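Bear in mind these aren't lab numbers, they're just calculated from the coordinates by the rules spelled out. All figures in this text were calculated on a predicted structure; none of them were measured in a lab. Here Cβ is always computed from backbone atoms with ideal geometry, including for glycine, and neighbour counts include all displayed protein chains.
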Amino acid sequence: MGYDPYDYYDLGEFDQKGGVPTWFGSKADLVDLIESAHAAGLHVYADLVFNHNSGGDAQELNPIDGRSRWTRFEPKSAKFPRDWKCFHRAGTRPGTGATFGDMPDLCHALRWFTLS
């Protein structure tokens, strides 16, 4: 419901996961909202939780703990595809946990991926 992104770069313009608009509308809807807010003298801030990811395209075997999880993400924006190496691996980082409600936790400490 907004706090478990699939494609960080899809604001409602890519046909994926059952349609083009997001749960909150299309990119045009978002741009209209922001323009209306600015016209009324309001500031707009994005509220985004990067950590939890849902809607993975495929399960993958995590070779560290031997469990399969939905960690293969191949978004239509082609930006920030993810696989098992992008997520906390069970037992390797104390206190991080492995999943939240079965959604894998993105590992922000890793250096082999970028959000470009």
How would you rank 17-27, 38-48, 66-76, highest first, on the average number of other Cβ atoms within 10 Å across their residues?
66-76, 17-27, 38-48
Hey, what do the phi angles of the range 69-82 turn into as Karplus ³J(HN,Hα) couplings, whole Hz, using 6.51/-1.76/1.60 and θ = phi - 60°, x for Gly and Pro?
9, 7, 10, 9, 10, 10, x, 5, 5, 6, 10, 6, x, 10
In order through the range 12-19: 3J(HN,Hα) via Karplus (6.51 cos²θ - 1.76 cosθ + 1.60), integer Hz, x for Gly, Pro:
x, 10, 10, 7, 8, 6, x, x
Could you give the length gained by full extension between PHE24 and ASP47, i.e. 0.36 nm per residue of separation minus their alpha carbon distance, to one decimal place?
7.0 nm
Give me the net charge of THR22's neighbourhood, meaning all other residues with Cβ under 13 Å from the Cβ of THR22; Lys, Arg count +1, Asp, Glu -1.
-3
Jot down the per residue volume, in cubic angstrom and as a whole number, of the convex hull over the alpha-carbon atoms of the range 14-86.
104 Å³
Calc'd 3J(HN,Hα), the range 47-58, phi into Karplus 6.51 cos²θ - 1.76 cosθ + 1.60 (θ = phi - 60°), Hz, glycine/Pro = x, comes to 10, 9, 9, 7, 5, 8, 10, 9, x, x, 7, 7
Local electrostatic count, ILE34, Cβ distance below 14 Å [Lys/Arg +1, Asp/Glu -1]:
-3
Return the distance in nm (one decimal) between the two label points of a simple spin-label model at LYS85 and SER68, each offset 7 Å from Cα along Cα→Cβ.
2.2 nm
Taking 25 Å as R0, compute the FRET efficiency from the Cβ-Cβ separation of LEU61 and ASP4 and round it to 0.05.
0.70
